[in-house]
Amino acid sequence: MKVVHTIEALRDQLRGQLRVAFVPTMGNLHAAHLSLMRMARQHGDPVVASIFVNRLQFGPNEDFDQYPRTLEGDIEKLERERDVYALFAPNEREMYPEPQNFKIQPAQALGSILEGEFRPGFFMGVSTVVLKLFSCVQPRVAVFGKKDYQQLMVVRSMCRQFQLPVEILAHETVRDPDGLAMSSRNRFLAPDERAEAPELYAALQRVRDEVLGGDVDLAGIEARTAAQLDGRGWQVDYVALRRQRDLLPPETDEVRNGEPLVVLAAARLGTTRLIDNLELAFTP
């Protein structure tokens, strides 16, 4: 595997390649990341991964400085996987050699709700760095995980509206055996918090079962689920049932008629903020 730290070196490695498959990450790689690499290998050649902790998507009181940086270990994992041709691992000066005055701001309808409401500026930071990475790598396909469901939709919308020649592939959320969605932030959970953490996914499963069972009082389900989590010691930002196609709240008639939905949640255990989601599949 080639490890490159500059855009010039990356472009030298990829010159003439027309089927690049790309997996952008912030490092501290785990089994879910490696699964994304394997999916990329099925859809393109060569596979390029990136590791860059993007300051632009962190708020002033968020964990940029504490975000785990494990480059040497990440390189070892990627080399063992043998699916990745090149790793692009730039520093901040390489990605932002001057103040980033041009920034991508998602539309309010998608970028200011849910994660956008609780993390102002997050999707601006994500969109801007992803566009820059796409410019550097020039992939044909890029793989993103469904755990960051809204982020996936923002990136797809950006590619569509800017007519970028990049197909965005969605990988299903990878979970530990107890149901907890894999995340680099899980390492910050204390032992008792880690034991409680799977309850977030369990709560989403209960929401799914209630809706698929015929309950159309979505606001009531959301409030009841948030209260249950609060009662177990979580600090809930949101539990939200939304349409899969645009993340807007569905009308009651849409629910009755089988509109594809997704339930999304974000909540803290101690100082660790976890997000998760679950798509709802109505039986025809």
field: Yes/no for GLN66 being modelled with pLDDT of 95 or more and under 20 Å from the mean Cα position of the chain (by Cα)
entry: no
query: ILE75 passes all but one of (1) open to solvent by less than 40 Å² (accessible area, probe 1.4 Å); (2) modelled with pLDDT under 95; which number fails?
result: (2)
Check on ASN91, touching a residue at least 12 places away in the same chain (Cβ under 8 Å) and either touching a Cys at 6+ places or on another chain (Cβ under 9 Å) or surrounded by fewer than 14 Cβ atoms within 10 Å (Cβ to Cβ) (or both): yes
field: Answer from GLU210, GLU117, GLU193, GLU172 - the residue that is open to solvent by 10 Å² or more (accessible area, probe 1.4 Å) and touching a Lys or Arg at 6+ places or on another chain (Cβ under 7 Å)
entry: GLU172
- prompt: Counting just the residues of segment 2-59 that are charged (D, E, K, R) and within 18 Å of LEU78 (Cβ to Cβ), which one comes out surrounded by the most Cβ atoms within 10 Å (Cβ to Cβ)?
  reply: ARG41
message: Quick check on segment 135-147. Is at least one of its residues crowded, with 16+ Cβ neighbours inside 10 Å, over 20 Å from TYR85 (Cα atoms) and out of contact with any Ser or Thr (no Cβ under 7 Å at 6 or more places or on another chain)?
response: no
- request: State all residues of segment 84-99 that are assigned to a loop (DSSP other than H, G, I, E, B) and under 21 Å from the mean Cα position of the chain (by Cα); if no residue qualifies, say none.
  value: VAL84, ALA89, PRO90
task: Evaluate the following for GLN205: is it over 25 Å from VAL255 (Cβ atoms) and either open to solvent by 20 Å² or more (accessible area, probe 1.4 Å) or more than 17 Å from the chain's Cα centre (by Cα) (or both)?
output: no
query: Got a number for residues in segment 236-275 being within 16 Å of GLU117 (Cα to Cα) and part of a strand (DSSP E or B)?
result: 15
- line: When segment 46-101 is checked residue by residue, the ones that are within 26 Å of MET1 (Cβ to Cβ) and among the aromatic types (Phe, Trp, Tyr) are PHE52, TYR67, TYR85, PHE88, TYR96
Number of the condition not met by ILE75 [criteria: (1) among the aliphatic types (A, V, I, L, M); (2) over 21 Å from VAL154 (Cα atoms); (3) outside any helix (DSSP H, G or I)]: (3)
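Answer yes or no as to whether ARG268 is farther than 14 Å from TYR201 by Cα, basic (Lys, Arg) and open to solvent by 10 Å² or more (accessible area, probe 1.4 Å).
When the stated conditions are applied, ARG268 does not pass them.
The values are calculated or read from the model by the stated rules, or taken from the named source; none is laboratory data. Not measured: the values here are computed from a predicted model. Note that we place each Cβ from the backbone using ideal geometry, even for glycine, and neighbour counts take in every protein chain shown. Areas reflect the complete protein model, heavy atoms only, side chains present, ligands, DNA and RNA absent. Shrake-Rupley method; radii C 1.70, N 1.55, O 1.52, S 1.80 Å.
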